[in-house]
1. Can you tell me how many residues within the range B:347-389 are more than 28 Å from the chain's Cα centre (by Cα) and either under 29 Å from residue B:5 (Cβ atoms) or outside the structural domain of residue B:326 (by TED's automatic domain parsing) (or both)?
2. When residues of the range B:130-140 are filtered for being surrounded by fewer than 17 Cβ atoms within 10 Å (Cβ to Cβ) and either out of contact with any strand residue (DSSP E or B) (no Cβ under 8 Å at 6 or more places or on another chain) or outside the structural domain of residue B:81 (by TED's automatic domain parsing) (or both), how many remain?
3. Restrict the check to the range B:226-236 and report whether at least one residue is within 18 Å of the chain's Cα centre (by Cα) and more than 13 Å from chain A (Cβ to nearest Cβ).
4. If residue A:392 satisfies every condition in (1) surrounded by 18 or more Cβ atoms within 10 Å (Cβ to Cβ); (2) within 28 Å of residue A:6 (Cα to Cα); (3) within 13 Å of chain B (Cβ to nearest Cβ) but one, which is the exception?
5. Between B:33, B:56, which is within 22 Å of the chain's Cα centre (by Cα) and over 17 Å from residue B:182 (Cβ atoms)?
6. Restricting attention to the range A:347-360, does a residue exist that is under 23 Å from residue A:222 (Cα atoms), touching a helix residue (DSSP H, G or I) at 6+ places or on another chain (Cβ under 8 Å) and either part of a strand (DSSP E or B) or modelled with pLDDT under 95 (or both)?
7. Which residue, of A:294, A:245, A:283, is at positive phi and either crowded, with 22+ Cβ neighbours inside 10 Å or in contact with a helix residue (DSSP H, G or I) (Cβ under 7 Å, 6 or more places away or on another chain) (or both)?
8. If you go through the range A:16-32, how many residues are outside any strand (DSSP E or B), within 16 Å of residue A:154 (Cα to Cα) and at pLDDT 90 or above?
């Protein structure tokens with residue numbers, strides 16, 4: 001059992017009910033550890049759905065399934081199991097997913113293409129067809145409006161704490177609620193939604209609009225975090241809108257001005273969830289926030305930020321509390337984006353180290369003190385344009401090696 | 001002082017003299033450790049030169065210099081200092097390089113644009129103008145035909161062993177010699193020649209032809225290795241041809257059939273040097289060879305191979321002796337190249353694990369035995385084309401973290 005991350009929030013948040021959502025998480029015995037491993041969510045009729053998935057060319061069977069049913073835009077159920085990713089399991093893996101969908105559909109009284117499925121865990125181990133399906137009646141008995149903690153725990157793998165967040169927002173004066181859970185601590189890199197994230201709202205939003213909102217918010221949250229630069233075969237983010245209990249006016253387009261506060265709340269929620277994943281980065285001792293400005297474009301800024309965030313040399317320097325900003329220069333240089341040695345400005349913990357390519361007199365002591373803390377802030381101005389991005393990562397420590405050299409055996 | 005890598009060759013090779021080359025490596029006191037830190041090579045008049053450099057947008061002052069003088073194609077001297085990379089040092093760094101070139105040119109009696117300079121070490125620390133120049137007379141006294149070991153030691157930083165190799169070849173029946181030294185163990189990733197490599201031959205080859213030969217061989221050697229995916233600001237590979245002692249026919253083009261054996265020897269030499277760098281990868285316990293076949297193109301094969309080689313999850317699994325081939329599937333999937341879950345074949349240590357997307361019955365014991373050794377072989381057939389590549393890397397261990405969390409402090 002892994003020790004709780006030192007960056008974990010003090011406690012699991014008190015998530016409210018989201019009208020139209022019932023959820024459960026149980027220990028079905030899928031994991032050898034006997035910990036919770038199966039999540040079921042029941043969604044009210046009329047629930048719309050949006051999804052974002054891994055860009056891996058070797059996506060898991062559940063991802064292939066979700067992509068196939070997503071165009072319908074309707075959801076009545078979500079099934080998530082942890083322990084086995086059902087990835088690289090060939091046609092047998094597809095059959096297992098089909099059996100799960102069929103069983104859940106029967107249980108919830110809906111067509112099987114309204115069932116969303118995700119799996120997380122080891123890759124390449126065959127999954128028996130009934131692996132999940134036979135446990136559904138058991139988990140269904142536990143469905144409840146506020147079983148968020150059980151649900152969040154059921155989707156954990158090497159996570160050391162359960163992750164959730166909620167927000168409220170107003171759409172045209174009417175309050176709606178957003179609640180989400182997420183999991184992930186390794187194989188985390190931005191390439192679409194990272195790892196498993198499920199967000200539920202009682203707002204009433206058409207699937208096509210929901211899809212636009214999700215795509216935009218994922219770009220600013222889960223696609224801006226990285227733990228180790230490795231992209232999972234199973235990354236899945238799903239956003240469900242039940243439409244229950246919301247009396248707001250009908251929404252027809254993503255650009256609707258009544259959605260402004262909802263979008264802001266969704267962004268906040270997603271960044272909250274995404275940074276919780278970074279806070280649980282395998283072996284993480286420090287949360288690192290990297291602000292890039294002055295890049296040629298927003299995309300360039302993100303790439304430069306990720307180049308820094310993914311550099312093992314930068315990450316180990318941070319682990320060692322070493323203000324080795326030369327490695328940041330290196331990482332900017334290798335990003336493949338426009339940069340100029342003589343225009344680069346770097347600050348750490350608010351202390352300006354270089355400006356326009358020249359090292360300034362700065363207090364190394366102040367920076368060392370900043371780096372000794374749990375949160376490290378890096379700001380880089382590339383000096384060639386107006387592109388901005390904020391990226392989150394963690395340090396690379398002995399803990400990462402220990403966890404990953406022994407995970408499967 | 002770091003412990004010698006367990007993957008190091010038993011001894012430093014007995015390099016022969018290369019007519020037209022005299023070399024020296026001394027401890028000039030540039031490094032606090034008092035170890036060797038300054039290399040000088042004197043090249044006979046008429047020596048031609050080819051170069052390959054980092055693609056970093058923040059290249060070091062010496063790299064900027066070498067790029068500037070390379071078009072002339074002539075070389076009479078090489079100066080390399082270790083301890084300070086003279087990177088991100090602004091205009092002052094350029095002035096230091098100029099002073100070094102001027103001093104070396106005076107010493108060797110040649111124009112300053114025939115002096116090649118490289119520096120390796122910490123980034124961002126100002127270098128006084130005379131830092132290197134004032135030590136040149138001292139190192140010049142030690143110039144000798146076979147001081148290869150001193151020279152190889154003088155360019156080391158976190159290297160745990162001195163690296164060199166030699167080959168002989170025939171050009172039109174006449175024997176020529178190639179001898180090279182290299183350094184590097186961290187910040188190693190393929191993006192042009194990786195870290196510092198200097199190869200000398202007594203063949204007589206025009207600079208333009210030499211450049212074509214170097215560019216081609218770097219693609220198959222230094223651009224196929226990675227330790228941590230981090231590209232240095234200082235990567236430099238230089239190939240010098242003195243033309244002394246070689247009585248072979250004049251060479252006019254890179255396609256000359258008389259060059260076939262020379263090219264083969266150069267490739268062998270460069271792969272020998274490049275894999276020595278991987279064998280000295282920071283914290284390396286295992287040398288990993290990754291053969292990719294069946295990719296859409298040779299470039300796609302290289303990218304897939306590097307995606308596997310740079311994956312922290314694959315590298316930590318290898319460190320743990322864990323045949324977690326699911327992580328190889330993940331790395332193939334994230335490479336951004338054409339792949340198909342149902343066509344992928346993976347073997348480790350010659351044992352076929354999957355074929356055409358299906359796990360086969362295989363002896364996990366045999367693979368575990370293979371992975372317990374010092375050399376790990378991975379073969380991946382993507383199954384979508386005919387592209388091939390061979391990539392070398394090392395495992396990611398606690399040693400890497402230890403070395404890099406404490407390097408500068």
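The values are calculated or read from the model by the stated rules, or taken from the named source; none is laboratory data. Because the structure is a prediction, the values reported are computed rather than measured. Heads up, the Cβs are rebuilt from the backbone with ideal geometry, glycines too, and the neighbour counts pull from every protein chain shown.
1. Selection size over the range B:347-389: 8.
2. Of the residues in that region, 3 qualify.
3. Yes - at least one qualifying residue is present in the range B:226-236.
4. (3)
5. None of the other options fit; the residue is B:56.
6. Scanning the range A:347-360 turns up no residue that is under 23 Å from residue A:222 (Cα atoms), touching a helix residue (DSSP H, G or I) at 6+ places or on another chain (Cβ under 8 Å) and either part of a strand (DSSP E or B) or modelled with pLDDT under 95 (or both).
7. Answer to the check: A:283.
8. Number satisfying all stated conditions: 4.
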